[in-house]
Structure formats: C-alpha cells, structure tokens
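What follows is one structure encoded as structure tokens, with my remarks underneath.
The values are calculated or read from the model by the stated rules, or taken from the named source; none is laboratory data. Since the model is a prediction, treat every value here as computed from it, not as a measurement. Reconstructed Cβ throughout: ideal geometry from the backbone, glycine too, with neighbour counts over all protein chains shown.
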Amino acid sequence: MTANNHSSQSLLKREATCSLPTEWGKFTMVGYTELANNKDHVALYMGDITTPEPVLLRVHSECLTGDAFFSQKCDCGPQLEAAFKMIQAEGRGVIIYLRQEGRGIGLINKIKAYHLQDQGLDTVEANLALHLPIDARNFQLAKDILDDLNINEVKLMTNNPNKIDTLKDSGINVVERIPVIIETNPNNEKYIQTKKNKLHHLFDD
C-alpha cells in the first residue's frame, strides 16, 4: 500500500476519532464533515491499515430503513452486517459509511418512492416518477476518506460496478472485487432483480 497524494480539493474535513466496540470487534471510528453541505460521514476500521497488503473495504451508503429498522424491502442491512463479519474474519478492514440516504435522494423522498413501489413500480421507476435521479450518490467522498487514511489498494466488497469504476478512475487500485451476496426474501426479490437488470449490479445466479 502506497500513500496517496492528497488532493487540495478534498470534499471533506476530518473532525474526530474514537474507539467503537461492536458485536464484531473493536473498531476505530473517524468522523468527517462534507464541506459543501455539512453532512456527516464516517469511516470505521479494524486492525493495522498501514501495512502494504490491500485493505478489505466496504463503501456503504446510509439506509435508515434497512440498517436501523431492519426493512426487508432492500438488502442494505444484511450487506452491512456481512461486511462487518468479513472484516472480523480477516481482522483488518474499513467500512466507509456515507450519509447518502435513498441513493442520495434523502429520506422523505425515499418514503415517497417506497409508496410508489407499494403500488407496483420498481425502485428505478419510482425515482423517475418523482422526477428524481436514479442514483445521486457521490462516491468521490469515499476516495477522499481513503486518501485521509492513506489507503491506495483495496479489496472492495460490492456488487455495484459504479463503485468500482469511480474508485479506479480516482486513482484507487481495486485489486479484487468481493461479492456481497445476500439471500433474498419475498419483499425484496423485485428490488434485487431491478438492481441486476436496470442498474447492472453484479449478482451470481
């Protein structure tokens, strides 16, 4: 792992660091403020991330309904838990948690989109019906956090090719993609198929 050249145009400011004991072991949590809008984002890491080996990484966008309320409409909560478990097993890794609710459209708009999904629209159709972007997230934020942590080579836990492309284009060496495959349930089967067919997420059949 080689140190990055830190960009003078970073979108974030590091604010605070603390230890965070969890069900999956002790992490260090680093808090950042997004300069454009004062949104808070965090990185949680376990182990020595300064050694040369590529770092296991999950870039996870906030999903209040899935992460905190255990919604079965999506696969976000189980994916986050799977990332914690994989880092625990390896003893070393990072979770970047970006406050980009509902693929960046915000919680209230996400609830409106869910209401349309209740009426039969899929997740892409619902956003378009509300005249909202299909995906408004900014994964450059993850690049800036990795720069701050001096991480350049990662093993990325994702099914989303856009995350891979964004990190690679920004100078992060993604040496491996690790699939995050979650068992579907009757409430999220359509959601998973939409991610695969319309958003081109990479799922093993």
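Residue by residue, here is whether (1) closer than 28 Å to PRO21 by Cα; (2) touching a strand residue (DSSP E or B) at 6+ places or on another chain (Cβ under 8 Å); (3) surrounded by 14 or more Cβ atoms within 10 Å (Cβ to Cβ); (4) free of Cβ contacts under 8 Å to residues at least 12 places away in the same chain holds:
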position: ILE96; (1), (2), (3), (4): yes, yes, yes, no
position: GLU101; (1), (2), (3), (4): yes, yes, yes, no
position: ALA113; (1), (2), (3), (4): no, no, yes, no
position: GLN117; (1), (2), (3), (4): no, no, yes, no
position: PRO133; (1), (2), (3), (4): no, no, no, no
position: ASP147; (1), (2), (3), (4): yes, no, yes, no
position: THR166; (1), (2), (3), (4): no, no, yes, no
position: ASP169; (1), (2), (3), (4): no, no, no, yes
position: ILE172; (1), (2), (3), (4): no, yes, yes, no
Just the residues that are in contact (Cβ under 8 Å) with a residue 40 or more places away in the chain and out of contact with any helix residue (DSSP H, G or I) (no Cβ under 7 Å at 6 or more places or on another chain), please, taken from segment 62-88.
THR65, GLN72, PRO78, GLN79, ALA82, ALA83, PHE84, LYS85, MET86, ILE87, GLN88
Name the residues in segment 68-78 that are within 17 Å of ASN159 (Cβ to Cβ) and touching a Cys at 6+ places or on another chain (Cβ under 9 Å), would you?
CYS74, CYS76, GLY77
Is it true that LYS143 is surrounded by 17 or more Cβ atoms within 10 Å (Cβ to Cβ) and within 22 Å of MET86 (Cβ to Cβ)?
yes
Is it fair to say LEU20 is over 15 Å from the mean Cα position of the chain (by Cα) and at pLDDT 95 or above?
yes
Evaluate the following for ASP122: is it in contact (Cβ under 8 Å) with a residue 60 or more places away in the chain and among the acidic types (Asp, Glu)?
yes
Looking only at segment 34-47, decide whether some residue is in contact with a strand residue (DSSP E or B) (Cβ under 7 Å, 6 or more places away or on another chain), closer than 23 Å to ASN150 by Cβ, free of Cβ contacts under 8 Å to residues at least 40 places away in the same chain and not hydrophobic (A, V, I, L, M, F, W, C).
no
Filter segment 49-61 for residues that are surrounded by fewer than 23 Cβ atoms within 10 Å (Cβ to Cβ) and touching a Gly at 6+ places or on another chain (Cβ under 9 Å) and give the result.
ILE49
